Amino acid sequence: MRLPHHERCDYSAITRRPDYSWPEGKRLAIYFALNIEHFAFGAGLGHAVSNELPPPDARTFAWRDYGNRVGVWRLYDLLEEFRIPACHLINTAVFDYCPEVIEPIIARGDEIIGHGRTNAERQGQWWEPDEARMIAEVRDTILQKTGRVPRGWMGPWMSQSRVTPDLLKEAGFDYEMDWPCDDQPIWLRTRNGGKLMSVPYSLEINDSPQILVRHHSGEEFATMIVHQFEEMLKQSERQPLVLGIALHTMIVGQPHRMHSLRKAIDHIVNHPQRDKVWITRPGEIYDHCAALPVGVMA
Amino acid sequence: MTLPTHNRYPFSIIDQRKDFSWPGGKRLAFYLCFNIEYFAFGAGMGSDVGLANPAPNHRSYAWRDYGNRVGLSRMLDLVDELGLPAAHNVNSFLYDTHPDIFKRIRARGDEIIGHGRTNSERMLPAWEEDEQRLIAEATATLTHNEGKPPKGWLGPWLAETYATPDLLKEAGYTYLLDWACDDQPIWMNTRSGKILSVPYPIEVNDSPAVVFRHHSAREFADMIVDQFDEMVEQSEHQPLVCPIALHTFVVGQPFRLRPLRQALKHCIGHPQADRVWFTRPGEIADYCYNLPVDTLVSD
């Protein structure tokens, strides 16, 4: 029996693929992904730390806004403290609302990844021309404001329509991060014979689902990061793997959670087998994989 | 205590206003508005005559599609037969997919009214710039195909955001149909000046009456007759507008068309039909724009 399928990629078992390594023979690629988002006051979708009140729900808006006013700055400090690179999934509304937030990213040489206009909306149910226009608008805004075209995409809420990979390819994106189906980058088919890389991004090692939806504590989330790291470090002896750590400014930007996050990052950065670990960004993972001989990647 | 208000128009009581008459001294302006709509297959919103199946819900899609394939032609036959003018609320995507629909409408000299892009959506997420773009996109399509811009607008599902009247005024519309608050046209405030609100029915409208409230075709026809008879009498005291809203997939069904025909024949054959202006909303709006200032309710 054949069930409906997305036809973007075929099934492939992680243990039955050609081996390769990351640069300098490293086996585990880690990246930190900071979600920097802006929300509408009294309208649209948004993250919530407690029960949402009827609009305008000022307290929930303010809690989200804390991420841009305070949390993101604390997280920049944390990245500097450990001297680690990061990528930033940015709603383009941030460029208009709080452009100061972009400056440290440029100064650090970090990567900006397309993340829609705002997480107050999601694109999965839009008509195709509207979605294509939004993707182009985001791409053009990032280019105009930073001088660099974004190469990667992750949709607000990881939302996808049936044609999102096609539209991203046609808009010039190299890869997307919406498909948490593997621990290695894979190729997705796009229409007219194209292909778009899927770089793993986690729906599990992600403070939004774990802390907001599943109500885990900051300490529990930090333990997940450490356990994920230890287990994948061991697994990566047999396959090169990617560990993405997804963070949101208004969640782990809160001091009580950052306290636990710091310990988890310290565990990774000062690990005895650090030499097997490549702390990098998704764009560099893309570059490495795109240069592999044909047939190595799934 | 003052509650939140829209600030679009002042309160005013129907029998405490200046009198005027429609052209030729007529007292009741009667118009028919056909809703000609286009729906996505397996996605978005739409009307259902029975239970809505899970997507793709082809049954409801096909039922709606009947309106464009069959129902509309039958309805145009009816208004041709009765010699009645009509106006048409048109989803702009129809010009891409069903352009032949407009041949007969154009030949009749009927009015085309902006009605969004498709009734599979209300408005895009309600950000003002997106709504502005949606209105501009629909307006450009109608203007390009008809050789002139539409004067009037009715939002899909009669939906509005807080900014809709402002955006319609700024897009060049002279009137809108979204506010079923009166039996006379009234002036609405926008941030860019006045726009006319022309009455449009949420009651004598086959979609809420038949689809939502499950009235029979006969009951709906009786509503038209009773509304008409009552308003002919009421209009002795004030000039009024009696609008009838129809959807191709609802009254375009033969068994509903038959009582509709009888109701419309009753209206045109009414002993006081000489006091009735059988017209279109654009002509009502044009007439109102030429009335002396302060005739209609306004801030």
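Laboratory data are not the source of any read-out in this text; all were calculated from the coordinates shown. In this text the structure is predicted, and so the values were computed from the model without any measurement. Note that we place each Cβ from the backbone using ideal geometry, even for glycine, and neighbour counts take in every protein chain shown.
Counting only other residues whose beta carbon sits under 15 Å from that of B:A55, what net charge do I get with K and R as +1, D and E as -1?
+2
Per-residue mean of other chain beta-carbon atoms within 10 angstrom of the beta-carbon, peptide A:41-50?
That works out to 1 on average.
FRET efficiency for B:V49 and B:K18, Cβ-Cβ distance as r, R0 = 41 Å, nearest 0.05? Don't skip to the answer; put the middle values down first.
Details: r = 44 Å, r/R0 = 1.08.
E between B:V49 and B:K18, to the nearest 0.05, is 0.40.
Tell me the label-point distance for the pair A:R74, B:F41, using the 7 Å Cα-to-Cβ offset, in nm and rounded to one decimal.
5.3 nm
Placing +1 at every Lys and Arg Cβ and -1 at every Asp and Glu Cβ, with all other atoms neutral, what dipole size does chain B have around its Cα centre, in debye to the nearest 20? Walk me through the numbers on the way to the answer.
Details: 29 positive and 39 negative charges, 138 e Å.
The calculation lands at about 660 debye.
Nearest-5 percent of antiparallel DSSP beta bridges in chain B?
Percent antiparallel among DSSP bridges in chain B is about 15.
Could you check the simple spin-label distance between A:A48 and A:D19, using points 7 Å along Cα→Cβ, in nm with one decimal?
That separation, rounded to one decimal, is 5.0 nm.
Among A:T249, B:T2, B:T141, what is the fewest-to-most ranking by other Cβ atoms within 10 Å?
B:T2, B:T141, A:T249
Could you sort the peptides A:250-260, A:126-136 by per-residue average Cβ neighbour count (10 Å cutoff), highest mean leading? Each step should come with its number before you reach the end.
On the way: A:250-260: 20.2, A:126-136: 17.8.
Peptide ranking by packing, descending: A:250-260, A:126-136.
Under a Cβ-only charge scheme (Lys and Arg +1, Asp and Glu -1), can you give me the dipole magnitude of chain A about the Cα centre, in debye to the nearest 20?
I would put it at about 420 debye.
If Lys and Arg each add +1 and Asp and Glu each add -1, what is the summed charge of the other residues whose beta carbon sits under 14 Å from the beta carbon of A:L212?
-2
Between beta-carbons, use under 11 Å as the cut-off and find the net charge around B:R213, counting Lys and Arg +1, Asp and Glu -1.
It works out to a net charge of -3.
Hey, fewest Cβ within 10 Å first, where do B:F11, B:F41 land in order?
B:F11, B:F41
Could you list the residues of segment A:177-191 with an amide nitrogen less than 13 Å from a label point located 7 Å from the Cα of A:R214 in the Cα-to-C-beta direction?
Once the point is set 7 Å along Cα→Cβ of A:R214, nothing inside segment A:177-191 turns out to lie under 13 Å by backbone N.
Residues of B:40-52, mean number of Cβ from any other protein chain within 10 Å of their own Cβ, rounded to a whole number?
Rounded to a whole number, the mean comes out at 1.
Would you list, by chain and number, the aspartates and glutamates whose Cα falls below 19 Å from the Cα of B:K103, excluding same-chain residues fewer than 8 positions away?
B:E37, B:D65, B:D77, B:D80, B:E81, B:E111, B:E146
In segment B:91-179, what chymotrypsin sites (Phe, Trp or Tyr not before Pro) fall in a loop by DSSP, with at most 11 other Cβ atoms inside 10 Å?
Counting only loop positions with at most 11 other Cβ atoms within 10 Å, the chymotrypsin sites (Phe, Trp or Tyr not before Pro) in segment B:91-179 are B:Y162.
Counting only DSSP beta bridges with both residues in the protein assembly as shown, what percent are antiparallel, rounded to the nearest 5?
Around 15 percent of the beta bridges assigned by DSSP in the protein assembly as shown are antiparallel ones.
With an 8 Å cut-off on Cα pairs and a minimum separation of 6 or more residues, tell me the relative contact order of segment B:88-140 in percent.
With pairs under 8 Å counted, the relative contact order is 44 percent.
Classify segment B:154-267 as rounded, prolate or oblate, taking a ≥ b ≥ c as the square roots of the eigenvalues of its Cα gyration tensor: rounded when a/c is under 1.5, otherwise prolate if a/b is larger than b/c and oblate if not.
It comes out oblate by the Cα gyration axes.
Say the dipole of segment B:85-134 comes from +1 at the beta carbon of Lys and Arg and -1 at that of Asp and Glu; which of B:W127, B:I113, B:I101 then lies farthest toward its positive end?
B:I101
Considering Cα pairs under 8 angstrom that are at least six residues apart, work out the relative contact order of chain B and quote it in whole percent.
29 percent
Nearest 500 deg cm²/dmol is fine: what mean residue ellipticity at 222 nm does the protein assembly as shown get from its DSSP H runs of n ≥ 4 alone, each adding -39,500 (n - 2.57), divided by its residue count?
Values: 18 runs with 199 residues, N = 597.
Rounded to the nearest 500, the figure is -10000 deg cm²/dmol.
Based only on other Cβ atoms within 10 Å, what is the fewest-to-most ordering of B:S235, A:S217, B:S60?
Details: B:S235 22, A:S217 13, B:S60 19.
Least to most surrounded, the residues fall as A:S217, B:S60, B:S235.
Could you work out, residue by residue across A:126-133, how many beta carbons of other chains sit within 10 Å of that residue's beta carbon, and then give the average as an integer?
3
Work out, step by step, the length gained on full extension between B:H266 and B:D294: first 0.36 nm times the residue separation, then minus their alpha carbon distance; give nm to one decimal. Write down the numbers at each step before the final one.
Details: separation 28, 0.36 × 28 = 10.08 nm, distance 3.50 nm.
6.6 nm is the gain from fully extending B:H266 to B:D294.
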